[in-house]
Amino acid sequence: MSLDMCYFIKPEQHNKKDLIRILEKNTQIKFVSLAGVDLVGHETDEKIPIKLFLENIDDFLEKTAVQTDGSSVYLPEIATLNDAKIDMKVDLDVNWFVDYNYDNLDESSKLPVGTLKIPVFLYHNNIAVDSRHILNMAVSYFEKEILRLIENHKEQFRDYGIEFEDIDKIMITSATELEFWVKTPDYERELEELTSSQELHEQYWAKTRAEVRTALENTLLEMEKYGFNPEMGHKEVGGVKAKLNQDGSLSGIMEQLEIDWKYDDALQTADNEMFIKNIIREIFRQNGMDVTFLAKPIQGVAGSGEHTHFGVVVKLKNGKNVNLFSPVKKHFLSKIGYGALMGVLKNYEIINPFITSSNEAFKRLKKGFEAPICIATSLGSDFDTPSRNRTILIGLIRDNENPLATHFELRSPNPHTNTYLCIASVLMSMIDGIDYALSNDIDEDNLLRELSKEYGEEYNYLEKYRVYRTENNIFDDYSDEEREKMFGKVPFNVFENVKYFNEQKEKLSVLYKGEVFTPKIIESYTIAIIDKWLTEIEYRIIPNFIKEIRNYKLLHNLDSSNELDIINWAKIERLRNELMKDNSNVNSLFTQIKKAISERNLEKVSELQKEIYQKMDCLQELYSRYKLNLLDI
């Protein structure tokens, strides 16, 4: 294929002259797709013939590009049936990528047919209502507030060598690490096999082979063409060794992989991730594998995370870059760094609904799987020893030899997290903490003291009856009761998570500053993820549980069984009946939860979901023990 194929168009080329030149040269680009992102992270896909785009290019670049009836986006209580029109306005300030269909070749050029994906903002009645715009607003607000604080507290920045007049711009950098599972279609491996492989770390950083290797290598090469600057791809902890066929191909593939790429500015980071997921899906499909970005595709085995990184740099007019999180004196962080970290920890209850917003996501956040379960940070045992604690929510990443490397890693996101809203809510929380630190002129020693406070110690910002920093292993060094007392109660499901929007009004007000988020946006987002939560329970989780329960068959016989087999099966039968068998007097738990869903009794749905999950876990464990004790199956 031609090395001159166009893979992306830079912001400086988003003008009529350059676009016409590029598109006339790359005749394989046949379509334009306007890509807006709604509040639950769904991306629109408007296919417009390139001829029509060129004929109306002035309107596309300068006015509202396209109107849609709102059916392609999910904006409850905003784009309603009687007021559904959505306007799409082109974003000229980010890269535009070309999505190639390698299964469809252009007749004249013999190159794959391309679709130019143009990111857009979504407007309803002239008000922006999409995820991309919210992040764009959060970035603008953060940058404006940092500049205001620097100007108002100039004396606090002299140690950096920063004078307000010397500042060129504030740069917010971000990056994501994408984990995912790949498998041969319609092929399952035994849970015990997956669990033992994980415990032994047999797959972690192991060599990829055959189709998996080819697909991983091709993905990294394709990412390079788009300018994503991939940094590595490797096996993660989950998965099992595939089976080698006589022709050298593999079957029984079930592996967990990770791909990382270079940081970018906040909005471009989220756009990049959205496009890279499509690259991964297509290339692995071409190599005969399914890809899932579910947070916890296999119960009892490691889920997939998407650790998200945050940094803030001041670019000076002389070209020098100053990391605002790096300390000027011997400390873990600067004042701004401490304030930013405290802001995230204090306000995490109103960040978490944007990060953990599905049933799958909550299944990932369990003790023992390296996913965070408590609102806590780790800094390191001393200033000279960077932390390596993987049990905390948000970690400090630093290199004493490279001050520009100092940043934070948020460990709770997963591949289905809406990265736009995740970054936006984190930035709004960071600036809240930074404002506290600088406006009160609190030095690094006192900020560290507050961040490291004991349970019951009272300070002006962080809550009295909470602990926010630990260098211990949160999973092993605390009991369940100690964790809940010190770090706060962990929400069990989507409903318990979004309740914080109502219970934490003061924290929620942090998101409303600068009109970045609005009450209408919060209302729409809440309805959207609650609807998704209920739909998944009724139409996916319960049917899957029913299928699983029906597969739990009586296996023992009188000749080879003993009393324990009979007792185990009796327990299994009792649980099966409690979960899914109605009788004349009592409804099963499945029937009860369906009724609660139809009545939209969210509290009851939540409580029933807890009970069902607990009993399904017990049933799965019982059946596994029952099978293992049988000599003949």
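We did not get these values from a lab; they are worked out from the coordinates using the rules stated. Remember, predicted model here, so these are calculated numbers, not experimental data. Glycine gets a Cβ as well: all are built from the backbone with ideal geometry, and neighbour counts include every protein chain shown.
Check Leu555: other-chain or 5+ apart residues with amide H under 5 Å from its amide H, H built from backbone geometry?
Distant-sequence amide H within range of Leu555: zero hits.
For Asp168, enumerate residues with amide H under 5 Å from its amide H, sequence gap 5+ or separate chain, H modeled in the peptide plane.
Answer set, sorted by chain and number: Lys315, Leu316, Lys317.
Which of the lysines could a cross-linker span from Lys485 if the Cα-Cα distance has to be under 24 Å and same-chain partners fewer than 8 positions apart are dropped?
Lys485 reaches Lys346, Lys363, Lys366, Lys367, Lys453, Lys464, Lys499, Lys505, Lys507, Lys610.
If a helix is a whole DSSP H run, which ones in the chain reach 24 Å or further along their own axis (Cα) and hold a mean Kyte-Doolittle hydropathy of at least 0.5?
Taking the DSSP H segments of the chain (at least 24 Å long, mean hydropathy at least 0.5), we get 419-439.
Stretch Asp168-Arg540 to full length: gain in nm at 0.36 nm per residue minus the Cα-Cα span?
This chain segment gains 128.7 nm when fully extended.
Within the stretch 76-184, report the GluC sites (Glu not before Pro) that DSSP leaves as loop and that have at most 10 other Cβ atoms within 10 Å.
Loop-located and lightly packed - Glu107.
Take the Cα radius of gyration of the stretch 8-129 and divide it by 2.2 N^0.38 Å, with N its residue count; two decimals is plenty.
This ratio for the stretch 8-129 stands at 1.11.
Could you point to the residue in Ile22, Tyr613, Met5 farthest towards the positive end of the chain's charge dipole, with +1 and -1 charges on the Cβ of Lys/Arg and Asp/Glu respectively?
Going by the charge dipole, the pick is Tyr613.
Pick out, in residue order, every one of the trypsin sites (Lys or Arg not before Pro) in the stretch 282-333 that is DSSP loop and has at most 15 other C-beta atoms within 10 Å; say none if there are none.
Passing sites in the stretch 282-333 are Lys317, Lys320, Lys329, Lys330.
Helix-only estimate, please: 222 nm mean residue ellipticity of the chain, summing -39500 (n - 2.57) across DSSP H runs of length 4 or more and dividing by its residues, to the nearest 500.
That comes out to -12500 deg cm²/dmol.
Considering Cα pairs under 8 angstrom that are at least six residues apart, work out the relative contact order of the chain and quote it in whole percent.
This gives 12 percent for the chain.
Can you work out the Karplus-derived ³J(HN,Hα) for every residue in the stretch 160-177? Use 6.51 cos²θ - 1.76 cosθ + 1.60 with θ = phi - 60°, whole Hz, and x for glycine or proline.
Working through the residues one at a time gives 6, x, 9, 10, 3, 5, 8, 6, 8, 6, 9, 10, 9, 10, 8, 7, 10, 10 Hz.
Count the net charge of all other residues whose Cβ sits under 14 Å from the Cβ of Ser33, scoring Lys and Arg as +1 and Asp and Glu as -1.
Around Ser33, the charge tally is -3.
Taking Lys47 as the anchor, which aspartates and glutamates have their alpha carbon closer than 14 Å to its alpha carbon, excluding any fewer than eight residues away along the same chain?
Asp99
Looking at Tyr160, Leu149, Phe60, which one has the Cα that reaches farthest to the positive end of the dipole of the chain (charges on Cβ: Lys, Arg +1; Asp, Glu -1)?
Phe60
Taking the convex hull of the alpha carbon atoms in the stretch 269-390, what volume per residue do you get, in Å³?
Measuring per residue, one finds 177 Å³ for the Cα hull of the stretch 269-390.
Taking amide H positions as placed in the peptide plane 1.01 Å from N, state which residues far from Glu46 in sequence (5 or more) or on other chains have amide H under 5 Å from it.
Correct list: Leu34.
Arg576: net charge of surrounding residues, Cβ under 11 Å, Lys/Arg +1, Asp/Glu -1, itself excluded?
+3
So if we plug the beta-carbon distance of Glu484 and Glu55 into 1/(1 + (r/R0)^6) with R0 = 56 Å, what FRET efficiency do we get, rounded to 0.05?
Approximately 0.35, to the nearest 0.05.
Regarding the stretch 489-607, what whole-number volume in Å³ per residue does the convex hull of its Cα atoms give?
148 Å³
Please work out the Cα center distance from the stretch 605-633 to the stretch 549-575, rounded to the nearest Å.
Going from one Cα centre to the other spans 13 Å.
Which links in Lys225/Lys296; Lys16/Lys225; Lys489/Lys615 stretch past 26 Å when you go from one Cα to the other?
Lys225/Lys296
Among Lys277/Lys520; Lys10/Lys513; Lys329/Lys513; Lys17/Lys51, which pairs are too far apart, with a Cα-Cα distance over 22 Å?
Beyond 22 Å: Lys277/Lys520; Lys10/Lys513; Lys329/Lys513.
Apply the Kirkwood formula to the stretch 393-504: the hydrodynamic radius equals the inverse of the mean of 1/r over all pairs of different alpha-carbon atoms; give it in Å with one decimal.
Across the stretch 393-504, the inverse of the average 1/r is 16.6 Å.
Give, in nm to one decimal, the length gained when the segment between Ser598 and Leu631 is fully stretched (0.36 nm per residue of separation minus the Cα-Cα distance).
Fully extending the segment from Ser598 to Leu631 adds 7.3 nm.
So what is the relative contact order of the stretch 8-129, in percent, for Cα pairs below 8 Å that sit 6 or more residues apart?
32 percent
So which GluC sites (Glu not before Pro) in the stretch 426-475 pass both tests, a DSSP loop state and at most 12 other Cβ atoms within 10 Å of the Cβ?
Loop-located and lightly packed - Glu454, Glu458.
With unit charges on the beta carbon (Lys/Arg positive, Asp/Glu negative), name the residue among Phe284, Val301, Gly319 whose Cα is farthest towards the positive pole of the charge dipole of the stretch 272-334.
Gly319
Under a Cβ-only charge scheme (Lys and Arg +1, Asp and Glu -1), can you give me the dipole magnitude of the chain about the Cα centre, in debye to the nearest 20?
Taking the Cα centre of the chain as origin, the dipole is about 660 debye.
If you wrap the chain's Cα atoms in a convex hull and average its projection over all directions, what's the area in nm²?
Averaging across all directions leaves 33.6 nm² for the Cα convex hull.
Where the only charges are on Cβ atoms (+1 Lys, Arg; -1 Asp, Glu), what is the dipole of the stretch 535-633 about its Cα centre, to the nearest 20 debye?
Around 260 debye, computed over the stretch 535-633.
Roughly speaking, what is the stretch gain from Leu554 to Lys207, that is 0.36 nm per residue apart minus the C-alpha to C-alpha distance, in nm to one decimal?
Stretched out fully, the Leu554 to Lys207 stretch lengthens by 120.8 nm.
³J(HN,Hα) across the stretch 407-413 via Karplus (A = 6.51, B = -1.76, C = 1.60, θ = phi - 60°), whole Hz, x for Gly/Pro?
Computed from phi, the couplings for the stretch 407-413 are 7, 10, 10, 8, 9, 7, x Hz.
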